[in-house]
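Only one structure is covered here, and it is reproduced in the block below.
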Amino acid sequence: MKRFLLILPLCCALSASSQQTIKVSVKNPLKTDRTDQPVVIPLPQAQYGDVRSALVTADGSEIACQLDDLDQDEQFDELCFLADLKGRETKHYTVTLYAEGEPRPYPARVYAEMVMGNKSVKEKNKQNNYIEAITARGDCAYSYNLQHHHGVDFESELNGIRIYFDQRQTLDLYGKFKKRLELKETQFYTSDEQKQQGYGDDVLWVGNTFGLGAFRGWNGQQPTMIEPVRSRTQRVISYGPLRTIVEVVDRGWQAPLAGSPSATQPINMTLRYTQYAGHRDTDVDVLFNRDASAHRFSTGVINVKGSVEFSDKKGIRGCWGTDYPATDTLKWKRETVGLAVCVPQKNIVSEEPANKDNYAYVVKVEGRQMAYKVAYCSANEEFGFHSSQEWFDWLRQWRREVDQPVVVAIGK
């Protein structure tokens, strides 16, 4: 799924100089204003050399930017920054790349965390055995409990998500009252004192459902979990400050083949989740080690109890509903959420009838990768939506923005 349209530079070959400059223009094709629009510039080493730091300016003012090492080889692969654009506006930026130094520090607008439990720390929201990656063998008895909050979590100012470290790989949701970062303080286990201070909390019970857009197999009749696998890995690729990137890697997954309810074939899959600052939607890239066209997969959202469904019949499917986020109905109050996935039409095999668990899509992959998006809101938000109509109106606007991304041109 496109996040931006990239026009390759006419001439941007770089010398052995320690400082190199490129010009970037960003155009908003919509009439409506847009904020925090991701601009991503690939940095192939053959073209740009070894980039160690960068500066982005517009009209002489510095713009926060971020360098990311996607393949973890100690070489930066991409630069990103965020653009605010009025309707139909085009802005021009100067990007200066340096072969020395360190990435410039900017205020964090996203957060990601992996942490193991520390028995000497009693408070559930003050655990401090931080890790960056973990791998469990396929015969691990209960990988769900290896990490403190059961899997990697990440957030922007508008959302908070954790991904369960087990065969479900479900996205579970954190609802906020205020627009800010909170997971470093609450660790998905908000204390009573923090709740009195206006911090959010878990707002969704997911069970074995899709939750928010989990990627699963499809055996011809129903979704299948990501099992068996040879190993399962979670890792943080980037911590911010403008986007966080986390990955879930399933090696040797016996994934269902199309046309047979029992036939499977092993394949390696990487799910890459990218969360941009200022966004309630999250980008999901699905990457395979070989052609996955013979397989069938599924995704969608949980059928929240008593929910109202939305579908634009073009790849966005969601709901608005209210339910308890846990089985303990005395401790927890009922929570109202809006959920949605956005899947490219070319990847959709069918939009399945709703059942008691899910609003599902059956999907296919053309080649070795596909991409889709997920988004949600909590009715607790002071800054968000409080009715199905408001949520569904936002989904229609989301559709327009997905269909008409900002246009990025890199010049000499």
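The values are calculated or read from the model by the stated rules, or taken from the named source; none is laboratory data. Everything numeric here is computed off the predicted structure, so don't read it as measured data. Cβ placement follows ideal geometry from the backbone for every residue including glycine, while neighbour counts extend to all protein chains displayed. All accessible areas refer to the heavy atoms of the entire protein, side chains included, with ligands and DNA or RNA removed. Shrake-Rupley method; radii C 1.70, N 1.55, O 1.52, S 1.80 Å.
Figures for the structure shown
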item	result
The chain - accessible surface per residue (Å², probe 1.4 Å)	43 Å²
Convex hull (Cα only) mean projected area of region 183-276, reported in nm² to one decimal	8.0 nm²
Hull-based mean projected area of the chain, where the convex hull spans the alpha carbons, in square nanometres	20.7 nm²
Accessible surface of region 45-139, 1.4 Å probe, proportion on carbon and sulfur as whole %	47 percent
For region 339-390, alpha-carbon Rg and Dmax in angstrom	14.4, 43
Under 22 Å from LYS184, Cα to Cα: lysines that are on another chain or at least 8 residues apart	LYS119, LYS122, LYS124, LYS126, LYS176, LYS195
Principal semi-axes in Å for region 39-120 [√(5λ), Cα gyration tensor, largest first]	27, 19, 12
Descending semi-axes in Å of region 64-184, equivalent ellipsoid built from Cα gyration tensor	33, 20, 15
Peptides 302-313, 243-254 ordered by average Cβ neighbours within 10 Å, highest first	243-254, 302-313
Debye intensity ratio in log₁₀ form over the Cα atoms of region 245-380, taken at each q of 0.22 Å⁻¹	-1.33
THR327 - accessible surface, heavy atoms, 1.4 Å probe, Å² rounded to 10	130 Å²
Sequence ranges 164-176, 338-350, 105-117, ranked by mean other-Cβ count within 10 angstrom, highest first	164-176, 338-350, 105-117
With Cα atoms, 0 to 90° folded angle of helix 388-403 axis to the chain main axis	40 degrees
Within-15-Å neighbourhood charge of LYS178 [Cβ basis; K, R +1; D, E -1]	0
Solvent-accessible ranking of ASP50, ASP59, largest area first, probe 1.4 Å	ASP59, ASP50
